[in-house]
1. At 222 nm, what helix-only mean residue ellipticity would the chain give, in deg cm²/dmol to the nearest 500, using -39500 (n - 2.57) for each DSSP H run of four or more?
2. Please compute the contact order of the range 222-314 in relative form: average sequence separation of alpha-carbon pairs under 8 Å and at least six residues apart, divided by the residue count, as a percent.
3. Provide the net charge surrounding H275, with neighbours chosen by a C-beta distance below 15 Å and charges set as Lys +1, Arg +1, Asp -1, Glu -1.
4. Of A206, A146, A279, which has the largest mean-square fluctuation in a 10 Å C-alpha GNM of the chain?
5. Indicate the gyration tensor shape class of the range 277-317 (rounded, prolate or oblate), computed on the Cα atoms with a ≥ b ≥ c the square roots of the eigenvalues: a/c under 1.5 is rounded; otherwise a/b larger than b/c is prolate and the rest oblate.
6. Give me the percent of DSSP beta bridges within the chain that run antiparallel, rounded to the nearest 5.
7. Show me the chymotrypsin sites (Phe, Trp or Tyr not before Pro) within the range 157-211 that DSSP assigns to loop and that have at most 16 other Cβ atoms within 10 Å of their Cβ.
8. For the range 130-250, what relative contact order do you get, as a whole percent, if you take Cα pairs closer than 8 Å and at least 6 residues apart?
Amino acid sequence: MTVPVTILTGFLGSGKTTMLNRLLEESVSENTAVIINEFGDTSIDSHLVIPTKEEIIEINSGCICCNVRQDLITLLQNINIENKNIDRVIIETTGLADPAPVIQTFLMKESISHAYEIDSVITMIDGKHIVRHLYEDEVKSQIAFADTMIINKIDLIDEAELLALKHTLFNMNRTAEVFTAEYGSVHVNHLMNRYTFNLNHVLEIAPDLADNSYHHHHNNEIISVVLKVKEPLDMEKVNQWLGYFVTFKGESLYRYKGILNVADTNRKIVFQGVHMTFAGMDGPLWTEKEDRQSEIVFIGKGLDSESLNQWLQYCLA
Ligand SMILES: Nc1nc2c(ncn2[C@@H]2O[C@H](COP(=O)(O)OP(=O)(O)OP(=O)(O)O)[C@@H](O)[C@H]2O)c(=O)[nH]1
């Protein structure tokens, strides 16, 4: 029996982790292995995935579609050898991943293709922000290789915008099944164990996937800056800074998120944003075992890490 694999992809901030949480909550599977790959040397996502019985494995030393592909192969081989009970694998790629090399991993490598079978490639679409990123190669690829697309964040757009977006997506991929959602509100039964992955469709778009000659290029203009500090922060100053920064930089600020260690509270403060849309909230309590430190990642174009670090110093309590 092969283990079904869900590849969950989609651009930065489109709602992959939100969808993942839903799948983990609703799935009947007891033994899912979750593989998360983040852009930037950070593990913030592992804080944002609701704690479950599933094992969360992070691959953060690079992008899953390039330099850590071998790590993925080794990981899948180990899961197969060590844990015979695993009955599902979900891979959440980075928002900047081209899913093709990830798909290829399951086709080319015999030790992998014997043990695993792709169930579906699900692409999350940020209903509000995707239009400004449709020219990015990674986004085109995420849309083209999907067998299932979820237009998420429909609470932030109107009927006409949704209709136009559906039309645009249809022109980019005519075979994928399309769902609409708020916070990933598509039932797990529509997304799992349906084996909608369509190899013929994939090979039509990229015949070179079959012979390992598929090449893709990353958009090197998009960079990440990770900030970490142990001293507690002053929340009022952080709000001032972020408000200012998002107002002036929002257009080229694709994604930012953080877990903050704030003075006068024992809770983690979590904030997240995509361009100008951002929100903060109280997270779980810091546990005694944890090293209290703030960790923030900014992803976008033209980011200046020195000035961001100076801002962070200004925010110390
Ligand atoms: N308004 C609205 N916000 C949403 C919806 N789905 C997710 N969000 C928010 O959008 C932000 C990004 O969601 P994530 O699930 O972290 O997105 P992601 O694709 O994992 O993001 P990356 O970490 O960049 O890969 C978070 O602040 C979510 O709460 C939605 O349907 N509507």
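1. For the chain, the value works out to -9000 deg cm²/dmol.
2. 41
3. Net charge around H275: +4.
4. Checking each option, the largest mean-square fluctuation is seen for A279.
5. Prolate.
6. For the chain, the DSSP antiparallel bridge percentage is about 45.
7. Loop-located and lightly packed - Y183, Y195.
8. Value for the range 130-250: 26 percent.
Each reported figure results from applying straightforward, stated rules to the coordinates on display, with no laboratory input. As the structure is a prediction and not an experimental result, all values here were calculated from the model. Note that we place each Cβ from the backbone using ideal geometry, even for glycine, and neighbour counts take in every protein chain shown.
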